[in-house]
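Enquirer: My structure is below; once you've seen it, I'll send some questions.
The values are calculated or read from the model by the stated rules, or taken from the named source; none is laboratory data. Here the structure is a predicted model, which means the values were calculated and not measured. Backbone-built Cβ (ideal geometry, glycine too); neighbour counts: all protein chains shown. To get the accessible areas, we keep the full protein, side chains included, count just its heavy atoms, and leave off ligands, DNA and RNA. Shrake-Rupley method; radii C 1.70, N 1.55, O 1.52, S 1.80 Å.
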Amino acid sequence: MTGVPPHSELYQKFNQAHATGQPVHLEALSHIRPGFWAEIHIYPTDTGLEVYFSDITNRKSAQQALRRSKDLLDAILNNTHMMIDG
């Protein structure tokens, strides 16, 4: 697997799919293209492994924005009593 660091999750998932004969799925941030998120499906076949990549960068960005908004709302709600009692 040229270009895939042996300590990476992707490398481990390739080995897992090959060893078990079971499909493997993961989401990973690219180590080659900064900021690029991929959904990766690895399928064992009679001749090796088939790998399918989907760009999920926009979905990951939206999830992060939603998480930040939720954290801000939680902080506001948790401190409302201080504003009212204060």
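Enquirer: Where the second residue is open to solvent by less than 100 Å² (accessible area, probe 1.4 Å) and charged (D, E, K, R) and the first is farther than 25 Å from Glu27 by Cβ and lies in the range 63-77, which pairs have Cβ atoms under 6 Å and are six or more apart or on separate chains?
Expert: none
Enquirer: Shifting gears a bit: If I ask for residues that are among the aliphatic types (A, V, I, L, M) and out of contact with any helix residue (DSSP H, G or I) (no Cβ under 8 Å at 6 or more places or on another chain), which ones from the range 1-28 would you list?
Expert: Leu10, Ala17, Ala19
Enquirer: If you take the residues in the range 20-54 that are of a type in the set (Val, Ile, Thr) and more than 11 Å from the chain's Cα centre (by Cα), which one is modelled with the lowest pLDDT? Steps first, answer last, please.
Expert: Of the range 20-54, the ones of a type in the set (Val, Ile, Thr) are 20, 24, 32, 40, 42, 45, 47, 51.
Applying the additional criterion that residues be more than 11 Å from the chain's Cα centre (by Cα) yields 20, 24, 32, 42, 45, 47, 51.
Numbers: Thr20: 96, Val24: 97, Ile32: 77, Ile42: 97, Thr45: 95, Thr47: 94, Val51: 95.
Filtering the range 20-54 for residues that are of a type in the set (Val, Ile, Thr) and more than 11 Å from the chain's Cα centre (by Cα), the one modelled with the lowest pLDDT comes out as Ile32.
Enquirer: Only residues in the range 11-28 that are without any contact (Cβ under 8 Å) to a residue 24 or more places away in the chain count as the first member; pair them with residues that are surrounded by 12 or more Cβ atoms within 10 Å (Cβ to Cβ) and of a type in the set (Lys, Arg), Cβ under 8 angstrom, at least 6 apart or cross-chain, and list the lot.
Expert: That search, which allows pairs on different chains as well, returns Val24/Lys13; Leu26/Lys13.
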